[in-house]
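The values are calculated or read from the model by the stated rules, or taken from the named source; none is laboratory data. Fair warning: this is a prediction, and the values are worked out from it, not measured in the lab. Counting neighbours? That spans all protein chains shown, and the Cβs are built from the backbone with ideal geometry, glycine included.
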Amino acid sequence: MRASVLSDWLAQRLDRGNGQPIYRQLHRLLQQAILSRELPAGSKVPSSRLLAQELGIGRNTVTQVYEQLVLEGYVSSATGRGTFVADSAPDEIVGALEGEFGVGAGVGSGSSGIGAGIDSGIDSGIGAGIGSGIGAATLDRPDALNAPDSRRDPPPLQAARALSTRGARLIAGAGVSKRQWGAFMPGVPDVTKFPARVWSRLHNKYWRRLRPDLLTYAPGGGLASLRHALADYLRTSRSVRCTPEQIIITTGIHQSVDLAVRLLSDPGDLIWTEDPCYWGVRSVLHVSDLQSRPIAVDDEGINPSADDLAHPPKLMLVTPSHQYPLGMVMSLARRRMLLEYARQNQCWIIEDDYDSEFRYGSRPLASLQGLDTSGQVIYVGSFGKTLFPGLRIGYLVVPEALAESFATASAELYREGQLLQQAMLAEFIAEGHFTSHIRKMRTLYGQRRQTLLDAAAHRYGDVLPAVGGDAGLHLVMQLPEGSDDRRVATAALERNIVVRPLSGYYAQPSLAPSGLLIGYACVPDEEIAPAFNTLADAIDATLPQFA
């Protein structure tokens with residue numbers, strides 16, 4: 001092999017003026033040549049002395065690069081013989097096997113000499129054999145380092161082909177936003193009001209008195225002190241009937257639902273979801289291979305038809321205290337019906353209680369789980385909206401008979417940690433800071449909700465009514481029938497306002513009512529009216545009747 005072919009190719013690509021060390025550039029270029037097979041397996045590379053002379057760089061630099069490539073397995077070095085590209089590409093091996101059975105005989109005698117090169121090199125060493133076959137035929141050509149190898153290289157893997165069916169389904173229906181803060185991002189609390197000083201004190205306390213057991217994997221179910229604190233809180237504030245052992249700590253609603261679905265259903269099982277429903281839960285179900293049956297909601301919550309009731313599901317997923325995203329509360333009659341139906345048909349109910357602490361004008365409602373007498377309800381909650389989303393701590397409350405299995409499965413599947421955070425949160429709750437923070441934020445969010453309602457009424461009167469504003473962190477503004485809420489949301493985003501189109505939460509968006517989810521919790525009071533006017537400008541520009 002002529003060193004000049006490789007050295008000329010390298011010299012054209014080394015940039016001595018870009019500030020990046022020459023040895024890094026040389027290392028990257030040689031890696032590139034080997035991985036792309038422009039330097040085929042078995043090729044002998046120039047000696048460090050010769051390559052250094054050709055490139056006009058120090059020999060130590062080349063030696064350092066060669067040593068690194070040896071460590072990484074790209075090349076191998078033999079005393080007295082030189083340095084060769086490692087024989088790691090599977091196609092060369094396949095070619096040798098094909099040649100042995102006559103399939104690749106033409107290749108061996110052809111211009112590349114792969115078969116013959118390997119055959120003749122087996123006894124004397126793979127480097128010399130491949131080097132005399134491949135090296136002589138390809139690297140001596142001036143264009144060899146730039147020419148594609150059409151015989152061996154497969155076509156590039158297309159992204160659409162790379163994804164599985166469920167992966168493609170997940171990506172196609174993804175609802176996650178690139179923006180997670182600002183007017184009017186739904187479902188995001190005002191994290192600037194979080195009691196950071198108290199949290200910092202607890203943080204410092206636990207790091208000063210560091211216990212090794214808080215830096216390892218979490219025990220099944222989570223830290224005992226947090227489970228005890230949560231059990232006390234849920235019993236008093238949400239009427240949840242549970243012991244600490246029934247609580248399983250997770251990273252949030254998504255993981256809680258995922259764990260329940262994995263343990264309580266098999267691929268192909270039927271699950272009822274509310275229509276509309278939270279896009280994140282729908283995404284979890286998309287990759288679970290369940291049959292999802294959207295059930296329409298009315299003013300009393302999920303409202304299964306006679307045909308729905310004739311096909312009992314394995315699981316139901318509901319938001320009884322504050323339907324997401326429309327905001328209605330499931331009536332007592334509907335709750336009792338659902339619980340009785342689940343008991344008779346041996347169904348599991350997953351109760352997503354995502355933001356029930358924030359109810360304005362009345363006390364938070366009791367949970368559906370608190371009415372369950374047959375152990376059919378899996379209660380799911382999170383601290384993402386009550387404290388801050390980045391905390392990534394949620395929980396399930398499972399029936400006693402399932403507690404040990406869920407704790408084991410959680411540790412087996414997810415290998416949880418964050419025990420320091422759990423310990424801090426347990427003390428934060430026990431010292432009363434959690435309930436104090438919720439009271440403070442409930443008042444603040446109630447004021448912001450009213451400010452938003454006033455701004456909407458001032459601009460549109462009762463032409464664009466708002467629903468679901470009695471609780472939670474967002475309201476839904478209804479748009480005229482036939483309006484394209486996705487176009488409105490896009491027009492708002494162009495004006496730096498984030499809203500979500502209501503139709504995207506329905507199983508069939510093209511048949512869904514039109515509206516906008518408008519979050520108010522993370523918007524300072526003085527910015528709400530101006531931001532809504534900007535949103536209104538987007539509405540007016542998109543919908544001709546308001547122009």
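Overview of values
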read-out: Any chance Trp207 is under 30 Å from the mean Cα position of the chain (by Cα) and within 30 Å of Arg449 (Cα to Cα); value: no
read-out: The lone exception for His474 - which of (1) of a type outside the set (Lys, Arg); (2) in contact (Cβ under 8 Å) with a residue 24 or more places away in the chain; (3) on the phi > 0 side of the Ramachandran plot it fails; value: (3)
read-out: Residue ID - surrounded by the fewest Cβ atoms within 10 Å (Cβ to Cβ), chosen from residues in the stretch 160-204 that are farther than 30 Å from Val499 by Cα and in contact (Cβ under 8 Å) with a residue 24 or more places away in the chain; value: His203
read-out: Of the criteria (1) polar (S, T, N, Q); (2) within 31 Å of the chain's Cα centre (by Cα); (3) at pLDDT 95 or above, which one Thr451 fails; value: (2)
read-out: Options Gly106, Gly102, Gly73; residue that is outside any helix (DSSP H, G or I), out of contact with any Cys (no Cβ under 9 Å at 6 or more places or on another chain), surrounded by fewer than 16 Cβ atoms within 10 Å (Cβ to Cβ) and modelled with pLDDT under 85; value: Gly102
read-out: Count of the stretch 468-511 residues which are of a type in the set (A, V, I, L, M), surrounded by fewer than 19 Cβ atoms within 10 Å (Cβ to Cβ) and under 22 Å from Met441 (Cβ atoms); value: 0
read-out: Qualifying residue in the stretch 439-461 (condition: surrounded by fewer than 21 Cβ atoms within 10 Å (Cβ to Cβ), assigned to a loop (DSSP other than H, G, I, E, B) and without any contact (Cβ under 8 Å) to a residue 60 or more places away in the chain); value: yes
read-out: Residues (of a type in the set (S, T, N, Q) and more than 13 Å from Leu223 (Cα to Cα)) located in the stretch 238-250; value: Ser239, Thr243
read-out: Any hit, the stretch 401-410, residues being free of Cβ contacts under 8 Å to residues at least 60 places away in the same chain and within 30 Å of Leu517 (Cα to Cα); value: no
read-out: Residues being in a loop (DSSP other than H, G, I, E, B) and either farther than 15 Å from Ala296 by Cβ or without any contact (Cβ under 8 Å) to a residue 60 or more places away in the chain (or both) - total across the stretch 487-507; value: 5
read-out: Residue under evaluation Gly361, criteria (1) more than 32 Å from the chain's Cα centre (by Cα); (2) modelled with pLDDT of 95 or more, criterion not met; value: (2)
read-out: Hits in the stretch 278-318 (condition: more than 21 Å from Arg335 (Cβ to Cβ), buried (at least 17 other Cβ atoms within 10 Å of the Cβ) and among the charged types (D, E, K, R)); value: Arg282
read-out: Qualifying residue in the stretch 513-535 (condition: part of a helix (DSSP H, G or I), modelled with pLDDT under 95 and over 19 Å from Gln447 (Cβ atoms)); value: no
read-out: Some residue of the stretch 22-36 being within 20 Å of Asp87 (Cβ to Cβ), assigned to a loop (DSSP other than H, G, I, E, B) and in the same structural domain as Asp87 (by TED's automatic domain parsing); value: yes
read-out: Pairs, first of a type in the set (Phe, Trp, Tyr) in the stretch 211-231, second part of a loop (DSSP other than H, G, I, E, B), C-beta under 8 Å, six or more apart; value: Tyr217/Arg415; Tyr217/Glu416; Tyr217/Gly417
read-out: Test set (1) closer than 30 Å to Arg500 by Cα; (2) charged (D, E, K, R); (3) modelled with pLDDT of 95 or more - Asp289 fails condition number; value: (3)
read-out: Residue within the stretch 238-260 that is more than 23 Å from Thr408 (Cα to Cα) and not small (Gly, Ala, Ser) present; value: yes
read-out: Residue check for Gly482: closer than 19 Å to Pro325 by Cα, of a type outside the set (S, T, N, Q), outside the structural domain of His322 (by TED's automatic domain parsing) and in contact (Cβ under 8 Å) with a residue 12 or more places away in the chain; value: no
